[in-house]
Amino acid sequence: MQDEFAFIATGNTPLFRLHDDPECACPPMPEAMATFTPPPLHALSRDETGEGCAVLRKVIERLGGAPGIVDLAPCDPAARRFVDEVLGEGEVLIRIVTPRDRVTIRESVFAGVWRVQHRIDGELRRDDLETGPVPEAVYGWAERLTVDGPPHRPQSFPEGLMNAPALLTEIFDHSANCPNDRPHVINLSLLPLTPEDSKFLIDTLGTAGLSVLSRGYGDCRVTLTRLPNVWWVQYFNSPGQLILNTLEITRLPAVVAAAPEDLEDSRERIAEALAQLK
């Protein structure tokens, strides 16, 4: 997984590149698109599938009502393998990293069904399935990671800046007054920025240790800054070229969450997968 997050993990790699394509050049056509593929179900005995089927029935119940958690800790290894085989790995991967904590959240091929694993000092402390648009832990970690030591509003600026001072005034103001239902989006792709502007924005906002990779028609990479409610949101086409670079000021960018209709669709598909085993 490390290479998937190299864009924020390496200190010498900028969070975004300016002028990714020459002026007026046509970008390459996309090469592939990720689509839903039902996971393969191999022949398993009733003993191997019994406990796993019970887990998946609980998931179906959660998808039909309020978001909920199904703890996998009591399950035996065979049941976990069965659940992993049925659910597979989807397009969205969330990683949270602190000096002691490593939280990995991967969406299954069924949108709105998330595998959440939390390790503290390398020891697995949480292993469960959670249903809902996005696991509630993501909101809690986003607040926790930005509550201590957020960046200060700059009072002086280096030479060579053009738009960074005005942008930072806008960013800090909206961060302090962020409504839950109206995200504020700054499209950096449309703004003239000098290399000094870019560096100063990156150095001032920094990153907080919460990253999201969403694959589909290219990649969407979302990174929490150290300033509360401020996220880098970047879109790349399939050849890996940056095509849209934004800052979103919101509790959580909408691109991360599963849509309500996707949850109902997942409920029906998991039920169909279980029916195939009877």
**Accessible area in square angstrom per residue, the stretch 110-225, 1.4 angstrom probe** = 49 Å²
**Asked** Counting Lys +1, Arg +1, Asp -1, Glu -1, what net charge surrounds ARG226 among other residues with beta carbon under 13 Å of its beta carbon?
**Response** -1
**Message:** Below 8 Å, C-alpha to C-alpha, sequence gap of six or more: please give me the relative contact order for the stretch 209-249 in percent.
**Reply:** 31 percent
**Length-normalised contact order of the stretch 95-192 in % [C-alpha pairs under 8 Å, at least 6 apart]** = 14 percent
**Prompt:** Within a Cβ distance under 11 Å of TRP141, other residues only, what is the Lys/Arg minus Asp/Glu net charge?
**Reply:** -1
**Fill in**
Taking only protein heavy atoms and a 1.4 Å probe, the highest-to-lowest accessible-area order of HIS152, HIS118, HIS174 is HIS152, HIS174, HIS118
**Complete:** With all protein chains present and a 1.4 Å probe, the order of LYS199, LYS58 from largest accessible area down is LYS199, LYS58
**Prompt:** Rounded, prolate or oblate: which fits the stretch 113-251 when a ≥ b ≥ c are the square roots of the eigenvalues of the alpha-carbon gyration tensor, with rounded for a/c under 1.5 and prolate only if a/b beats b/c?
**Reply:** prolate
**Asked** So which trypsin sites (Lys or Arg not before Pro) in the stretch 64-155 end up in coil per DSSP with only 11 or fewer other C-beta atoms within 10 Å?
**Response** ARG100
**Item:** Cα shape, the stretch 61-125, gyration tensor, a/c 1.5 rule
**Value:** prolate
**Message:** Just want to confirm a number: the relative contact order over the stretch 186-278, from Cα pairs under 8 angstrom separated by 6+ residues, in percent.
**Reply:** 22 percent
**Prompt:** Considering only protein heavy atoms and a 1.4 Å probe, what is the carbon-and-sulfur percentage of the accessible area of the stretch 84-127?
**Reply:** 44 percent
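The values are calculated or read from the model by the stated rules, or taken from the named source; none is laboratory data. Here the structure is a predicted model, which is why all the values come from computation and not from measurement. Here the Cβ is made from the backbone with ideal geometry for all residues, glycine too, and neighbour counts use every protein chain on show. Heavy atoms of the whole protein, side chains included, go into the accessibility calculation; ligands, DNA and RNA do not. Shrake-Rupley method; radii C 1.70, N 1.55, O 1.52, S 1.80 Å.
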